[in-house]
Amino acid sequence: MDYLVIPKKKQTPCGHCQDKNTTRCSKCDIGVHVKCFLLFHIKK
């Protein structure tokens, strides 16, 4: 399975910037904004 941004119902902190968001990475299962998605996976 590839890394994809998918919606979720509950707000959680973004894994990159810590602001609340309603999306997550489908593979990592960590909340992450669309704008932070690439940066989050590069810093891992």
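If I take every Cα pair under 8 Å that is 6 or more residues apart in the chain, average their sequence separation and divide by the length, what percent do I get for the relative contact order?
36 percent
To the nearest 20 debye, what charge dipole does the chain have about its Cα centre, counting +1 at the Cβ of each Lys and Arg and -1 at the Cβ of each Asp and Glu?
Roughly 120 debye, rounded to the nearest 20.
We did not get these values from a lab; they are worked out from the coordinates using the rules stated. Remember, it's a predicted structure, so these values are computed and weren't measured experimentally. Glycine gets a Cβ as well: all are built from the backbone with ideal geometry, and neighbour counts include every protein chain shown.
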